[in-house]
Amino acid sequence: MSLLPRTAEEFSSAEYWERFFKKRGEKAFEWYGDYNKLCGVLHKYIKVKDKVLVVGCGNSELSEQMFDVGYKHLTNIDISETVVTHMNQRNAERRPGLTFQQVDATQTPYEEASYQAALDKGTLDAMASEEEGALARNMLTEVGRVLSVGGRYVCVTLAQESVIKLAVEHFVQLGWAVRLHCLQEELGKEEDSFALPVFVLVCTKFRQPMPMPILEMCLGEEGAPTRLPQVADLLSAVRDHQAYSVLKKRLRTSTDASSNPSLTLCHAKTGLPRYSLTVQDCPPGAKVPRSNPFAIFIVPQGSETAWLYSSSEGRRQLAASANFRRLVIAAMHRNQEYTDMQAVQSELSPMVMDLAPPGMPTNQQVPFLSVGGDLGWREEVSRGVSELSGEYCVENVKGEDGELYRRLVFLSNVALVQSESRLVPSNTASSQKKKNKKKLKPTDAAATSSTSLSVDSGFLCCAHHEVMVAGLAMLGVGTPQNKDVPVSVLLVGLGGGGLPQFLRDFVPGVTVEVVELDPVVMQVAKECFGFRPDDRLTVTLGDGLERICVLEKEGGRLFDAIMFDVDNKDSTMGMSCPPAAFVETLILQKVYSLLTPRGVFILNLVCRDSALRNSVLERLSAVFPTILSRKIEGEVNEVLLCSRGENETSDAVRILPSLNQAAKSLQSALCSNRTGTKSSPHIDIAELLKELKVE
């Protein structure tokens, strides 16, 4: 019998809960917990001397157990005559002072303010589905009437969203304080344990209604309360706890190498994300030592976007090399402070066993793994907001190669590095060619102001940028017949400015026009990435499509290379680069018309949808006679080189062999030019063009 939702959102579904309650069976209220499970929170809010109204008592043993430990002022009510008769008979001799009355909880005969507490175990859950919630509202109104000032309504519930929403909104409107405890289930027999957590809702009555809602969530009996601003935030927190309990149940009872369940751990006080955890199991049949059931891998700060940690294939490879049956990969979040590896281990250790594989002993030592034994290094350089792209962050990080890098990240998609440049100390920028140069360590960088670091303009961090530069070999740049022939480039998409500056600094005779939509990106490129336009490198602020249309309409100006390196802000598309409008046939035709006879259109394509990719290629093929593609290893990116087809090297059969010599010429030209920089270009043109494929 499956009672578990497929997704966290299903906890909001009325249909799911309707099926749930139909399937509960006779043991339903055992799932709400017995006295031993509930006593901690009950004693916290209900005093032994309190006069307590137990609404919808049913045949639960809870009242009997409370009576036995000293609660002698219990009034138990239920609408069922059968239940009341049975419970009175059951307790007549052993508990003569414990009585049960047949009373409708929506209209009781008791005086106003005559009770200090009202206890409800599952009654609200059962009543909320009746009469579209009207019955439950009437009961809550009656509870409010009979409770005295300072009195508490204590409700044990499974927290169906519609039920909690109904109760919380009811008491918030009355100006009561609302607190919700999520009780952590005990680890018993894994196959018998129930996945959904039990919640205890505590609503406290005040003499004067509170002017602002008091909404709090607590984890466990004694957990510190977290204040939440709105009812919607409380409901979201409930869904998160329910989803986490279901995840724990699945992880304790099964393994699945094809699935990568993940969760985010937030800071208890601020509520900000602190750790992202991803679970990776080894495939069935993998030869894993019995002594290696489980481990936690700490991703170095700044390496979260690396292929090994951010992609499914990379995480499978990491788990296989670690050789543990289950590996939990933990990534730290920016804008959070982490002292050292020991502190991180101490922070994560309390919840490690929740994610353990089935059958692992509770006393099993769980190792923490890392690269080099440290946490990596990250330093925030700048933070701001763009009207077009949202909040962004510029940060310095230590790469796995030990070098320092500067990155631009838009926080709407923290898994994507928008731009990246390698950093060198400003006073050693002129000695990059020395083999024994000293690398800057993170500890050195921490003591060095960001202004003492400069961008290494000869190093392209993005592999697709290297291929886009290599694509200029199709123009014959650097060959004897093209000596002193100027090269004009139109680039749509600035980023940190690394690509256009490389072109300006190293390609002989080049002029570059960059079109950038977002003025904030332009500002960040100048302030944080050392971008310096001049008469050979200009920037046009505006829409790239509009600029192409204007240039085509004006006529008279042609480009040897047009490059598209612009991301798609619409995350629902299967193509994250470029936006779909950039590869419509009409735009591609305009691009074609803006190219010189030898010209080449270079496109950075990031497309996970194979059908959509085929559609893009069909449109390109209808406009450009020759298309070469180069996949980027470990990335979704591929670079498409589209020739205009009006020179002797445009034939697909002849173009690849001819590029071998052109690659050598371009490499020589880049190394000998070095205009405006003392650095050398770190790029191997011939190697980049080896993997070209004719489309």
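Hey, S311 hits all of (1) open to solvent by 50 Å² or more (accessible area, probe 1.4 Å); (2) farther than 21 Å from V344 by Cβ but one; which does it fall short on?
Looking at each condition in turn, S311 falls short on (1).
Here is a list: L140, L119, L124, L98. Which entry is of a type outside the set (F, W, Y) and touching a His at 6+ places or on another chain (Cβ under 6 Å)?
On the way: L119 fails: touching a His at 6+ places or on another chain (Cβ under 6 Å); L124 fails: touching a His at 6+ places or on another chain (Cβ under 6 Å); L98 fails: touching a His at 6+ places or on another chain (Cβ under 6 Å).
The match here is L140.
Identify, please: which residue in region 612-638 is exposed (fewer than 13 other Cβ atoms within 10 Å of the Cβ) and in contact (Cβ under 8 Å) with a residue 24 or more places away in the chain and is, among those, farthest from the chain's Cα centre (by Cα)? Working first, answer last.
To start, the set of residues in region 612-638 that are exposed (fewer than 13 other Cβ atoms within 10 Å of the Cβ) comprises 614, 618, 622, 633.
Pick out the ones that are also in contact (Cβ under 8 Å) with a residue 24 or more places away in the chain and you get 622, 633.
Values: A622: 39, E633: 24 Å.
This residue is A622.
Q107 - would you say it is at pLDDT 90 or above and either of a type in the set (F, W, Y) or outside any helix (DSSP H, G or I) (or both)? Spell out how you get there, then give the answer.
On the way: at pLDDT 90 or above: yes; either of a type in the set (F, W, Y) or outside any helix (DSSP H, G or I) (or both): yes.
Answer is yes for this residue.
Answer yes or no: is there a residue in region 246-257 that is closer than 30 Å to E635 by Cβ and either at pLDDT 90 or above or in contact with a Ser or Thr (Cβ under 7 Å, 6 or more places away or on another chain) (or both).
no
Return the only residue of V366, V381, V344, V385 being modelled with pLDDT of 90 or more and loosely packed, with under 12 Cβ neighbours inside 10 Å. Let's see the steps before the verdict.
On the way: V366 fails: loosely packed, with under 12 Cβ neighbours inside 10 Å; V381 fails: loosely packed, with under 12 Cβ neighbours inside 10 Å; V344 fails: loosely packed, with under 12 Cβ neighbours inside 10 Å.
V385 is the lone residue from the list that is modelled with pLDDT of 90 or more and loosely packed, with under 12 Cβ neighbours inside 10 Å.
Of all residues in region 347-360 being among the hydrophobic types (A, V, I, L, M, F, W, C) and in a helix (DSSP H, G or I), which is most open to solvent (accessible area, probe 1.4 Å)?
Here is the first cut: in region 347-360, the ones among the hydrophobic types (A, V, I, L, M, F, W, C) are 348, 351-353, 355-356, 360.
Restricting the remaining residues to those that are in a helix (DSSP H, G or I) gives 348, 351-353, 355.
Details: L348: 4, M351: 30, V352: 7, M353: 51, L355: 2 Å².
Among them, the one singled out is M353.
If you check every pair at least six apart or on different chains, which have Cβ atoms under 8 Å apart with a residue in region 461-490 that is assigned to a strand (DSSP E or B) first and a residue that is open to solvent by 20 Å² or more (accessible area, probe 1.4 Å) and at pLDDT 90 or above second?
Close Cβ pairs (under 8 Å, with a partner that is open to solvent by 20 Å² or more (accessible area, probe 1.4 Å) and at pLDDT 90 or above) amount to V487/P508; V487/G509; V487/T511; S488/T511; S488/L558; S488/T596; V489/T511.
I need the full set of residues from region 388-423 which are open to solvent by 10 Å² or more (accessible area, probe 1.4 Å), of a type in the set (A, V, I, L, M) and out of contact with any Cys (no Cβ under 8 Å at 6 or more places or on another chain), in order please.
Scanning region 388-423 gives L388, V414, A415, L416, V417.
Take V550 and tell me if it is modelled with pLDDT of 95 or more, touching a helix residue (DSSP H, G or I) at 6+ places or on another chain (Cβ under 6 Å) and β-branched (V, I, T). Before you say what the answer is, go through the steps one by one.
On the way: modelled with pLDDT of 95 or more: yes; touching a helix residue (DSSP H, G or I) at 6+ places or on another chain (Cβ under 6 Å): no; β-branched (V, I, T): yes.
No; evaluated as a whole, the condition is false for this residue.
When you go through (1) under 25 Å from E420 (Cα atoms); (2) in contact with a His (Cβ under 8 Å, 6 or more places away or on another chain); (3) not polar (S, T, N, Q) one by one for L272, which number turns out not to apply?
Single failed check for L272: (1).
Going by the structure shown, is R207 in the same structural domain as H170 (by the TED database), in a loop (DSSP other than H, G, I, E, B) and either surrounded by 14 or more Cβ atoms within 10 Å (Cβ to Cβ) or at pLDDT 90 or above (or both)? Walk me through it before giving the result.
Working: in the same structural domain as H170 (by the TED database): yes; in a loop (DSSP other than H, G, I, E, B): yes; either surrounded by 14 or more Cβ atoms within 10 Å (Cβ to Cβ) or at pLDDT 90 or above (or both): yes.
So R207 passes the test.
Using beta carbons and a limit of 8 Å, which pairs, at least six apart or on different chains, have the first residue in region 123-137 and outside any loop (DSSP other than H, G, I, E, B) and the second one charged (D, E, K, R)?
That search, which allows pairs on different chains as well, returns A136/E130.
Looking only at region 215-260, filter to residues that are farther than 28 Å from A167 by Cα and among the polar types (S, T, N, Q); which one of those is most open to solvent (accessible area, probe 1.4 Å)?
In this case the residue turns out to be S258.
Only residues in region 69-81 that are modelled with pLDDT of 95 or more and in a strand (DSSP E or B) count as the first member; pair them with residues that are open to solvent by 20 Å² or more (accessible area, probe 1.4 Å) and charged (D, E, K, R), Cβ under 8 angstrom, at least 6 apart or cross-chain, and list the lot.
T75/K51
The values are calculated or read from the model by the stated rules, or taken from the named source; none is laboratory data. From a predicted model like this one, the values you see are computed outputs, not experimental measurements. Neighbour counts are summed over all protein chains in view; Cβ atoms, including those assigned to glycine, are modelled from backbone coordinates with ideal geometry. Please note that ligands, DNA and RNA were not included when accessible areas were found on the heavy atoms of the full protein model with its side chains. Shrake-Rupley method; radii C 1.70, N 1.55, O 1.52, S 1.80 Å.
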